[in-house]
Amino acid sequence: MKVSDLGEFGLIERLEELLAAQGSAAFSEHLVVGIGDDAAVWRVDDRAVVATTDTLVAGVHFLLERTAWRDIGWKALAVNVSDVAAMGATPEFALVTLGLSPDTETSAVEDIYRGLADAGEAYGVVIAGGDIVRSPGLFVTVALCGRADLDASGEPIVLRRNAAVAGDLIAVTGSLGGAAAGLRLLRDGDTGSKATQALLARQCRPVARLAAGTAALDAGIRCAIDISDGLLQDLQHICKASRVGAVAWRDKLPIDPALAELFDANEALAMAATGGEDYELLVTGTREQIDTLAEQIDVAVTIIGEVVIDAGCEAKLLDEKGKEIRLKAKGWDHLKGHG
C-alpha cells in the first residue's frame, strides 16, 4: 500500500495506532493533548506547554518564482501561530529549520528571516534557534512552543477539536476562500486589480487569529480548529474527534468579497467551502458564547451552521432547501491532493 492510498489523515491515524501499540512516551501521563489536534499540550509544573510544527515546501505551499522571500518567512511562522491560536494559547518561542540548495543567494535567506522577524514581532514570538540543512528544494520548518493556563484541577484551559456537542452552532471568523483564490491568481500570473492584490495577500501573508482564540476561551467556547485544509475538511476533523455530525449552510458562508468579485458563483463557493490556507478560526458553541466572542474581537464572526447527531460523523454543505451540495472534495490532503 502506498501512502497516497491512505491519504494524509489516514496515515496519521495509522502512525498514532503504531505509537500507542509500542507504548510510546508520547502517550505518557504528562501529555494532555497528543496526535490529532492543532497542537500538542503537556503539563510542566504549574503551567501547560503548547507545541506545534509546520513545514512550507517550495512548489507545494508557495510558488518560489512568484512569492517574495520575506513573505515566505512571514507565512512559515504565521501558520504555526494559527495552530496555537486554535488552541486558545499564547505563542512564545520558535525554532526554524531551513532546507537550502548551496546556490541559494544569501540575501534571499536574510529576507526569509526578515519575514520571520516581522511575524515574530506581530505575534510576540522569539526566534530562539534552529538548523540549516542541504536540500534539493527550499523548505522552511518551524517548531513553535507556547503556553496555556491550568484550571483549579490542574487541567490545561485550551480549545479542542473533540469538544463539539450536538446543538452547538458553528461559526467562523473573517471570510473564506481568499487564500485559494490568491493561489489561483499567483499561478496565472495575475497581479493587477485591487481585488487581486487583496487575494494575493490572503495567500502570501496569512493572518493568525490569535486574539480570537483567547477571546473564544474567555467566552466559554471549548471547541475550535483553524481552517488550513478547507472549511469542510476541517469541520470534518471536528466531527471525527467529537463523534458528531455537522451541517454548514451555503447561503451563510462569508465568501471573501474580492473572491466573489473576480470569480463566478460556483467557483467562489467551491473555494470558500474547500479551499485551504484561510487560517480563519472555526468554533462551535452556544449562540450566547458566539455573540460574546463577536463582541470581543475586531473581526467579523459569522454563524454558518450547526452540530448535529450523526453516527457517520460527516460534515455536509446544505443548500437553502436543506439538500446536500456535493463538491469534488472537502479540502486538501497532502498525500492524495485535493480530495
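The values are calculated or read from the model by the stated rules, or taken from the named source; none is laboratory data. Nothing here was measured: the structure is a model prediction, and the numbers come from that model. Methodologically, a virtual Cβ is constructed for each residue, glycine included, from the backbone with ideal geometry; neighbour enumeration extends over all protein chains shown. SASA here: full protein model, heavy atoms, side chains in, ligands and nucleic acids out. Shrake-Rupley method; radii C 1.70, N 1.55, O 1.52, S 1.80 Å.
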It is to be established whether one or more residues within the range 88-95 are part of a loop (DSSP other than H, G, I, E, B) and without any contact (Cβ under 8 Å) to a residue 60 or more places away in the chain.
no
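Is it the case that some residue within the range 215-233 is among the basic types (Lys, Arg), touching a strand residue (DSSP E or B) at 6+ places or on another chain (Cβ under 7 Å) and closer than 17 Å to Lys75 by Cβ?
Of the range 215-233, the ones among the basic types (Lys, Arg) are 222.
With the extra rule that they be touching a strand residue (DSSP E or B) at 6+ places or on another chain (Cβ under 7 Å), the set shrinks to 222.
After this cut, where a residue has to be closer than 17 Å to Lys75 by Cβ as well, the list is none.
Looking through the range 215-233, none of the residues is among the basic types (Lys, Arg), touching a strand residue (DSSP E or B) at 6+ places or on another chain (Cβ under 7 Å) and closer than 17 Å to Lys75 by Cβ.
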Of all residues making up the range 49-82, the number that are of a type outside the set (A, V, I, L, M, F, W, C), open to solvent by 10 Å² or more (accessible area, probe 1.4 Å) and within 14 Å of Gln203 (Cα to Cα)
6
Filter the range 281-319 down to the residues that are among the hydroxyl-bearing types (Ser, Thr, Tyr) and closer than 13 Å to Val172 by Cβ, then identify the one that is surrounded by the fewest Cβ atoms within 10 Å (Cβ to Cβ).
Thr302
Between Gly120, Gly115, Gly137, which is farther than 30 Å from Ala311 by Cβ, open to solvent by less than 60 Å² (accessible area, probe 1.4 Å) and touching a residue at least 60 places away in the same chain (Cβ under 8 Å)?
Gly137
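Just give me the residues in the range 37-65 being in a strand (DSSP E or B) and in contact with a Lys or Arg (Cβ under 6 Å, 6 or more places away or on another chain), in sequence order. Full working, then the answer.
Within the range 37-65, the first condition is being in a strand (DSSP E or B), and the residues that meet it are 40-44, 47-58, 62.
Listed by number, the list holds a single entry, Arg47.
Among the residues of the range 93-101, are any within 22 Å of Leu281 (Cβ to Cβ) and at pLDDT 95 or above? Break it down into steps so the answer makes sense when it comes.
Going through the range 93-101, the residues within 22 Å of Leu281 (Cβ to Cβ) turn out to be 94.
Those still in the list that are at pLDDT 95 or above too: 94.
Yes, the range 93-101 has at least one match.
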Sort through Leu269, Leu259, Leu185 and tell me the only one that's at pLDDT below 95, part of a helix (DSSP H, G or I) and buried (at least 20 other Cβ atoms within 10 Å of the Cβ).
Leu185
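Would you pick out the residues in the range 126-175 that are of a type in the set (Val, Ile, Thr) and either outside any strand (DSSP E or B) or under 15 Å from Ser82 (Cα atoms) (or both)? Explain how you work it out, then say what you get.
Of all residues in the range 126-175, those of a type in the set (Val, Ile, Thr) come to 126-127, 132-133, 140-142, 157-158, 165, 170, 172-173.
Thr141, Val142, Ile157, Val158, Val165, Val172, Thr173, listed by residue number.
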Take the conditions in contact (Cβ under 8 Å) with a residue 60 or more places away in the chain, surrounded by fewer than 16 Cβ atoms within 10 Å (Cβ to Cβ) and assigned to a helix (DSSP H, G or I) and apply them to Asp251. Does it pass?
yes
As an exercise: evaluate Arg209 against (1) more than 23 Å from Gly36 (Cβ to Cβ); (2) open to solvent by 10 Å² or more (accessible area, probe 1.4 Å) and give the number of the one condition it does not meet.
(1)
Kindly provide the set of residues from the range 188-206 that are without any contact (Cβ under 8 Å) to a residue 24 or more places away in the chain, surrounded by fewer than 23 Cβ atoms within 10 Å (Cβ to Cβ) and touching a helix residue (DSSP H, G or I) at 6+ places or on another chain (Cβ under 6 Å), ordered by number.
Asp190
Could you pull out the residue among Gly73, Gly88 that is at positive phi, touching a Gly at 6+ places or on another chain (Cβ under 7 Å) and modelled with pLDDT of 75 or more?
Gly88
Residue hits (the range 258-289; farther than 13 Å from Leu183 by Cβ and hydroxyl-bearing (Ser, Thr, Tyr)) are Tyr279, Thr284, Thr286
Would you tally the residues in the range 212-228 being open to solvent by 20 Å² or more (accessible area, probe 1.4 Å) and within 14 Å of the chain's Cα centre (by Cα)?
1
